[in-house]
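Notes to accompany the following structure.
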Amino acid sequence: MRRGSHLNPKNRFETAHAEPDYEHLEWDAEPLKEAERRQVEYLPDVARTIVTENSSPDVPFRYSINPYRGCLHGCSYCYARPNHEYIGLNAGIDFETKIFVKHEAPALFREFLAKRSWKPEPITFSGVTDCFQPCERKFRLTRGCLEVANECNVPVGIVTKNALVLRDLPILKEMAAKNCAHVFLSLTTLDASLARSMEPCTSVPAARLRAIQMLRDAGVPVGVLVAPVIPGINDSEIPALIKAAKDAGAEEIGYVLLRLPHTVQPVFHEWLHREQPLRAEKVEGLLREVRGGKLYQANWQDRMVGRGTVAKQIHDLFTTFRDKIGFAGLPQYDASQFRAPTGIDGQLTLF
């Protein structure tokens, strides 16, 4: 299986770091390949809560759900990679091969919504890792949470790179009829080979566009995120991406500039020099241009769009074509229909 990262970068919270020594296998190709072929492990995550509250002014939602920690999609640029360092693992290969599964996610979601203190508002799926990554086929935790949301009439937003979202089209159609569902497909390129390089285990661009069309045909409000825009890699595709999104039926579109917080930097750097060696120097120069001379700055208001001349050019290119092509915008969520679920014992909670 192709990986986005070939690194085991040092955990920034650990004082010791182990490096594998393959010198004694230098002339023995088969053991070397076997050593590099890491099997995916699905590990239980005994989380006691499932809904996370966000306070960032740059993120357009307050509450989110992530049934999985780590992601098999293996996107080289994923901003969630450093989260694995909080549990003693690394942001490189570990992030893609040690996936933590919150088996109790639907039950925890039900308990959360049953609290009398809960004031209904939209909840976003995939605020961090993709809720429709490949293991969702087996564990069906996102589906379980959507069933709870549909039962309680909780508005949900979904962000995904995977056409697997179509599996749950019937339930999303029901929720959309109550103005309780929006779906965003992340579309970074129309080039299938580039997508397979940047995002090894995601759906190919054609499948994502087909998913947009099928969702829209079913009456599910759907948008597109061009995320991330990587200067020197896919920024030139912005007009084509906007047109393709519109043609497929998207009602809204936005973009996010590449972010490289913490240990994402070495992972992306390794990918860039391995997969795009002729562009690497130019790309890194452009990234420094939009980040005030650094590869990343986490300033509020700037971190999603950058600053400076190149960032403005990207912004102007995007907004010009978006406005020229025209998007109707998504309908407003309706949280007024919310009805609290009963707990496991059939009773509402006191708090």
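The values are calculated or read from the model by the stated rules, or taken from the named source; none is laboratory data. Please read all numbers here as calculations on a predicted model, not as lab measurements. Here the Cβ positions follow ideal geometry from the backbone for every residue, glycine too, while neighbour counts run over all protein chains shown.
Quick check: anything in the stretch 266-278 in contact with a Pro (Cβ under 6 Å, 6 or more places away or on another chain) and either surrounded by 23 or more Cβ atoms within 10 Å (Cβ to Cβ) or touching a residue at least 60 places away in the same chain (Cβ under 8 Å) (or both)? Yes, that holds for at least one residue. Being over 18 Å from the mean Cα position of the chain (by Cα), β-branched (Val, Ile, Thr), modelled with pLDDT of 95 or more and farther than 28 Å from Thr124 by Cα is a property that Val220 lacks. Checked against (1) within 14 Å of the chain's Cα centre (by Cα); (2) surrounded by fewer than 23 Cβ atoms within 10 Å (Cβ to Cβ); (3) closer than 22 Å to Thr52 by Cα, Tyr77 passes all but a single condition, namely (3). The single condition from (1) farther than 19 Å from Val220 by Cα; (2) in contact with a Lys or Arg (Cβ under 7 Å, 6 or more places away or on another chain); (3) not acidic (Asp, Glu) that Lys119 fails is (2). For the stretch 172-223, residues that are in a helix (DSSP H, G or I) and farther than 25 Å from Glu151 by Cα total 14.
What's the total number of residues in the stretch 224-264 that are out of contact with any Pro (no Cβ under 9 Å at 6 or more places or on another chain), part of a loop (DSSP other than H, G, I, E, B) and either within 16 Å of Arg303 (Cα to Cα) or of a type in the set (Asp, Glu) (or both)? Number of matching residues: 3.
Is it the case that Ala105 is in contact (Cβ under 8 Å) with a residue 12 or more places away in the chain, closer than 12 Å to Thr263 by Cα and among the hydrophobic types (A, V, I, L, M, F, W, C)?
The answer is no for Ala105.
Of the residues making up the stretch 49-63, at least one is surrounded by 19 or more Cβ atoms within 10 Å (Cβ to Cβ), within 19 Å of Arg140 (Cα to Cα) and out of contact with any Ser or Thr (no Cβ under 8 Å at 6 or more places or on another chain).
Restricting Ala195, Ala163 to those that are more than 16 Å from Pro221 (Cα to Cα), of a type in the set (A, V, I, L, M, F, W, C) and in contact with a Ser or Thr (Cβ under 9 Å, 6 or more places away or on another chain) reduces the list to Ala195. Just give me the residues in the stretch 84-129 being of a type in the set (Phe, Trp, Tyr), part of a helix (DSSP H, G or I), in contact with a strand residue (DSSP E or B) (Cβ under 8 Å, 6 or more places away or on another chain) and buried (at least 21 other Cβ atoms within 10 Å of the Cβ), in sequence order. Residue satisfying the conditions is Phe109 alone. Beta carbons closer than 6 Å, at least 6 apart along the sequence or on distinct chains, never pair a first residue in the stretch 313-337 that is closer than 16 Å to Pro155 by Cβ with a second that is among the β-branched types (Val, Ile, Thr).
Would the stretch 130-146 turn up any residue that is buried (at least 18 other Cβ atoms within 10 Å of the Cβ), hydroxyl-bearing (Ser, Thr, Tyr) and either in contact with a Lys or Arg (Cβ under 6 Å, 6 or more places away or on another chain) or not in a strand (DSSP E or B) (or both)? Checking the stretch 130-146: at least one residue is buried (at least 18 other Cβ atoms within 10 Å of the Cβ), hydroxyl-bearing (Ser, Thr, Tyr) and either in contact with a Lys or Arg (Cβ under 6 Å, 6 or more places away or on another chain) or not in a strand (DSSP E or B) (or both).
Residue count for the stretch 207-232 satisfying the condition of being touching a Leu at 6+ places or on another chain (Cβ under 8 Å) and either free of Cβ contacts under 8 Å to residues at least 12 places away in the same chain or farther than 27 Å from His315 by Cα (or both): 4.
As a summary of the residue check, Val159 satisfies the conditions (1) β-branched (Val, Ile, Thr); (2) farther than 17 Å from Cys78 by Cβ; (3) buried (at least 18 other Cβ atoms within 10 Å of the Cβ) except for the one numbered (2). Scanning the stretch 281-325 for residues that are of a type outside the set (D, E, K, R) and touching a Lys or Arg at 6+ places or on another chain (Cβ under 7 Å) turns up Val290, Gly292, Leu295, Tyr296, Gln297, Gly306, Ile325. So Leu32 clears everything in (1) part of a helix (DSSP H, G or I); (2) at pLDDT 85 or above except one condition, right? Which one? Leu32 satisfies all of (1) part of a helix (DSSP H, G or I); (2) at pLDDT 85 or above except (2). Scanning the stretch 296-329 for residues that are over 21 Å from the mean Cα position of the chain (by Cα), crowded, with 17+ Cβ neighbours inside 10 Å and not in a helix (DSSP H, G or I) yields Arg307, Phe327.
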